[in-house]
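Structure, as structure tokens:
The values are calculated or read from the model by the stated rules, or taken from the named source; none is laboratory data. Model, not experiment: these values are computed from the prediction. Cβ: placed from backbone, ideal geometry, glycine included. Neighbour counts: every protein chain shown. These accessible areas exclude ligands, DNA and RNA; they are computed on the full protein's heavy atoms, side chains included. Shrake-Rupley method; radii C 1.70, N 1.55, O 1.52, S 1.80 Å.
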Amino acid sequence: MPIQKVYLIRHGETEWSLNGRHTGTTDIPLTENGRRVAKLLAAALAKEKFALVLTSPLKRARETCELAGFGARAEIDRDLMEWNYGAYEGLTPEEIHAQAPGWMIFTDGCPGGESPAQISARADRLVARVRSMEGDVALFAHGHLFRTLAARWHGLPAAAGSHFLLDTATLNVLSYYRDVPAVKRWNAMLAS
């Protein structure tokens, strides 16, 4: 039986990702550059055969999915939503640290938003859903959610997501090495 690969495709650039603002539930579109780079995904993924394609309901992920050529087959899964930043929505790390020195999303969560335990539970549901499938899976979503998902794929706590840096419009692949959960590709940029 072929080894399953799970493609984590982070959405393209947005105005807020450009200036470092935490974009959780705010539903903003891709920039022109974000759309241009997202279109490169179509060629990068053209030979892949996916048993399942899921996307976050947020516009930036859905638009990336559509530009990559998978919009018609994608199912929306609310578990792929980005971390709810609560009171920190729209703030930069510098602005947050002025209020809460030493703050780290993966250990502290967000006031009025999600805790690490809550995002971990969503990631665990996604891991279970993906592992129940036969065949490869493509997920279109967001940075902090995917970093948490990578940690949970390996059985690590959500706090380990801090070790998986992730840029916009990147291809990432989780798989297995001799039945052990593994990272096959991480933070792979698309040639522009």
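Expressed as a whole percentage, what fraction of the accessible surface of segment 22-117 belongs to carbon and sulfur atoms when a 1.4 Å probe is rolled over the protein heavy atoms?
54
In the Gaussian network model of the chain, springs joining C-alpha atoms below 10 Å, which of Val137, Val127, Val180 carries the largest mean-square fluctuation?
Looking only at Val137, Val127, Val180, the largest GNM fluctuation is found for Val180.
Once ligands and nucleic acids are excluded and a 1.4 Å probe is used, how much of Trp16 is accessible, expressed in Å² to the nearest 10?
40
Tell me, what ³J(HN,Hα) does each residue in segment 183-188 have, in order and in whole Hz, if you take phi through Karplus 6.51 cos²θ - 1.76 cosθ + 1.60 with θ = phi - 60° and put x for Gly and Pro?
Couplings: 9, 8, 8, 9, 6, 7 Hz.
Using +1 at the Cβ of each Lys and Arg and -1 at the Cβ of each Asp and Glu in the chain, identify which of Ala158, Ala169, Gly24 lies farthest towards the dipole's positive end.
Result: Ala169.
Express in Å², to the nearest 10, the accessible area of Glu75 obtained by rolling a 1.4 Å probe over the protein heavy atoms while all chains stay in place.
80
Give, as a single signed number, the net charge of other residues whose beta carbon lies under 15 Å from the beta carbon of Pro111, with Lys and Arg counted +1 and Asp and Glu -1.
Local charge sum for Pro111: -4.
For Lys47, give me every one of the lysines with a C-alpha distance below 24 angstrom, ignoring sequence neighbours fewer than eight places off in its own chain.
Lys5, Lys39, Lys184
Based on Cβ point charges of +1 for Lys and Arg and -1 for Asp and Glu, what charge dipole magnitude is obtained for the chain about its Cα centre, in debye rounded to the nearest 20?
For this selection, approximately 700 debye.
Amide H to amide H, which residues 5 or more places from Thr170 or on other chains are under 5 Å from it, using H placed in the peptide plane?
Amide H neighbours of Thr170: Arg10.
For segment 1-156, with every protein chain kept in place, what is the accessible area per residue (1.4 Å probe, Å²)?
For segment 1-156, the per-residue accessible area is 44 Å².
Given the whole protein assembly as supplied and a 1.4 Å probe, what does the accessible area of Lys59 come to in Å², nearest 10?
80
Treat each spin label as a single point 7 Å out from the Cα along the C-beta direction, and report the Arg125 to Arg178 distance in nm.
3.6
So, by mean Cβ neighbours within 10 angstrom, what's the order for 96-103, 23-30 with the highest one leading?
Going from most to least packed, we get 23-30, 96-103.
First measure r as the distance between the Cβ atoms of Ala160 and Glu32, then evaluate 1/(1 + (r/R0)^6) with R0 = 25 Å and state the FRET efficiency to the nearest 0.05.
Efficiency, from the Cβ-Cβ distance: 0.10.
Taking only DSSP H segments of four or more residues, each worth -39500 (n - 2.57), what value at 222 nm results for the chain once the sum is divided by all its residues, to the nearest 500 deg cm²/dmol?
Roughly -9500 deg cm²/dmol at 222 nm, from the helical runs in the chain.
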